[in-house]
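Visitor: Dropping the structure in here first, questions after.
The values are calculated or read from the model by the stated rules, or taken from the named source; none is laboratory data. If you're wondering where the values come from, they're calculated on a predicted model, not measured in any experiment. Here the Cβ positions follow ideal geometry from the backbone for every residue, glycine too, while neighbour counts run over all protein chains shown.
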Amino acid sequence: MKLALRIIISVIAAVFLIWFILPAVMFRIINPGNLLGVLICMCLLFRFAFAKAYFRLKERFYSKKVSRIVFRIIMACAAIFGVYAVVISGLMVRSALNAPPKDNAGRTLIVLGAQVKPWGPSVVLQQRIDAAEKFLSENENTNAVLSGGKGADEPVSEARSMYDNINIKDKSRLFLEDKSTDTRENLKFSKRIIEENSLSPTPVIVTDSYHQFRAQLIARKEGFGAADGVYAACTENGRVGLILYPTFFVREWIAIPAEIIK
């Protein structure tokens, strides 16, 4: 039984190790998410795939009082982090599943920006455009704020790129927020546009599922959802999105507590 468990954990860790490395190899994306993911997978592989080496190292640590204390502190920190990762992941999934009730009430879609490439929307941004397009087509009484400024390496603002590439009949339902540089500003500046145009103050945030918890947290800080809550409309991931998913999911483990502390 123990051997089977070790094999299962080792295989899972090896698969995720490759999964975390792929964004760096294929797209040159290196961030705290895949760095932490690689570290976790390597630790799991060392513990379960190379158990004999792990226990030899443990014996060395336990041979002296100081090193034994250090080892126990490391293991306690690892256990605490494991619990944190499970809890925060559960909250992230819960936020992603917080879809608005299907009662046809008017709500305002806030579409969070992502990178614009020289040739058009990035894969991540296109996924958000597609999700917004689907929601607007299914909810004809809904308006949308397309949010995202223009970075130094972007040909147009993220908001303009979304506007140009979204396929809906009535584009008068779309409002552009093209000054923001991050998620906080996306939501802060979008709130101004909502208030100035007397749009519904109940927001539905369009972003990737792993980003929903942090986005909704910021939205509440900015005064959204006092009465009706903040709802989610998540993107559907294509091939590239799935490759990037674990990296950006784990990155949120770091970004969420940083946002709470602010």
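Visitor: Just checking, does region 103-121 include any residue being among the hydroxyl-bearing types (Ser, Thr, Tyr) and in a helix (DSSP H, G or I)?
Guide: no
Visitor: Moving on to the next point. State which residue pairs qualify: first residue on the phi > 0 side of the Ramachandran plot and inside region 40-62, second residue assigned to a helix (DSSP H, G or I) and exposed (fewer than 15 other Cβ atoms within 10 Å of the Cβ) in any location, beta carbons under 9 Å apart, and separation of 6 or more residues or different chains.
Guide: none
Visitor: Would you mind telling me which numbered condition in (1) crowded, with 16+ Cβ neighbours inside 10 Å; (2) assigned to a helix (DSSP H, G or I) Pro100 fails?
Guide: Going through the list (1) crowded, with 16+ Cβ neighbours inside 10 Å; (2) assigned to a helix (DSSP H, G or I), Pro100 breaks only (2).
Visitor: Sticking with this one: Hey, does region 28-38 have a residue that's in a helix (DSSP H, G or I) and touching a Leu at 6+ places or on another chain (Cβ under 7 Å)?
Guide: Checked region 28-38: at least one residue is in a helix (DSSP H, G or I) and touching a Leu at 6+ places or on another chain (Cβ under 7 Å).
Visitor: State all residues of region 58-71 that are modelled with pLDDT of 90 or more and among the hydrophobic types (A, V, I, L, M, F, W, C); if no residue qualifies, say none.
Guide: Correct list: Val66, Ile69, Val70, Phe71.
Visitor: Name the single residue that is surrounded by the most Cβ atoms within 10 Å (Cβ to Cβ) among those in region 235-262 being farther than 17 Å from Val123 by Cβ and aliphatic (A, V, I, L, M).
Guide: Looking at the filtered set, the residue picked out is Val250.
Visitor: State all residues of region 226-240 that are touching a helix residue (DSSP H, G or I) at 6+ places or on another chain (Cβ under 6 Å) and either small (Gly, Ala, Ser) or farther than 23 Å from Pro203 by Cβ (or both); if no residue qualifies, say none.
Guide: Ala232, Ala233, Val240
Visitor: So, of the residues in region 1-22 that are among the small types (Gly, Ala, Ser) and within 11 Å of Cys41 (Cβ to Cβ), which turns out to be surrounded by the fewest Cβ atoms within 10 Å (Cβ to Cβ)?
Guide: My answer is Ala14.
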